[in-house]
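In what follows, a structure is listed as structure tokens, so that the remarks can point back to it.
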Amino acid sequence: MTVLDKMFKSQSKERLFPLFPSGGKGTLRNYYQALPNRLYAKTGTLSGVVALSGYIITKSGKTLIFSVLVNNHNSTSTNVRRAVEKFLVRTANAG
């Protein structure tokens with residue numbers, strides 16, 4: 001998250017956020033459709049691992065930096081991604 005923080009502090013949002021897929025687009029096209037232009041993140045997937053790191057803009061306009069890693073799960077990657085999506089959507093809408 002240090003890298004994401006340094007990027008956020010050194011670049012404008014207009015330059016930084018387009019580097020990341022947004023909700024409902026790119027690698028997130030099937031996810032985060034409830035957060036278009038409010039979630040910008042990169043995915044990572046290996047066998048048994050799901051990862052997502054990036055930025056969320058809360059309902060109040062605050063930008064949060066996050067990183068989620070789920071390792072050695074016993075479910076499908078889709079189920080894990082949906083659980084992470086539910087958590088991040090609730091987080092974005094709470095603030």
message: Just to be sure I understand, how many residues within the stretch 9-39 are of a type outside the set (Gly, Ala, Ser) and surrounded by 13 or more Cβ atoms within 10 Å (Cβ to Cβ)?
response: 13
- request: Can you run down the residue pairs with Cβ atoms below 6 Å, 6 or more apart or on separate chains, where the first is in the stretch 8-27 and within 23 Å of residue 84 (Cα to Cα) and the partner is of a type in the set (S, T, N, Q) and not in a helix (DSSP H, G or I)?
  value: 22/37; 23/33; 24/33; 27/43
task: For the stretch 68-81, enumerate the residues that are loosely packed, with under 14 Cβ neighbours inside 10 Å and either modelled with pLDDT of 95 or more or out of contact with any helix residue (DSSP H, G or I) (no Cβ under 7 Å at 6 or more places or on another chain) (or both).
output: 69, 71, 72, 74, 75, 76, 78, 79
task: Could you tell me whether the stretch 36-54 includes any residue that is among the charged types (D, E, K, R) and in contact (Cβ under 8 Å) with a residue 12 or more places away in the chain?
output: yes
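Let's see how each residue does on (1) closer than 23 Å to residue 12 by Cα; (2) modelled with pLDDT of 95 or more; (3) touching a helix residue (DSSP H, G or I) at 6+ places or on another chain (Cβ under 6 Å); (4) buried (at least 16 other Cβ atoms within 10 Å of the Cβ):
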{"site": "41", "(1), (2), (3), (4)": "yes, yes, no, yes"}
{"site": "44", "(1), (2), (3), (4)": "no, no, no, no"}
{"site": "54", "(1), (2), (3), (4)": "yes, yes, no, yes"}
{"site": "95", "(1), (2), (3), (4)": "yes, no, no, no"}
- prompt: Do you know which residues across the stretch 43-95 are among the small types (Gly, Ala, Ser) and under 12 Å from the mean Cα position of the chain (by Cα)?
  reply: 44, 51, 53, 54, 67, 92
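The values are calculated or read from the model by the stated rules, or taken from the named source; none is laboratory data. Remember, it's a predicted structure, so these values are computed and weren't measured experimentally. When we count neighbours, we look across all protein chains shown, and the Cβ atoms used for this are built from the backbone with ideal geometry, even at glycine.
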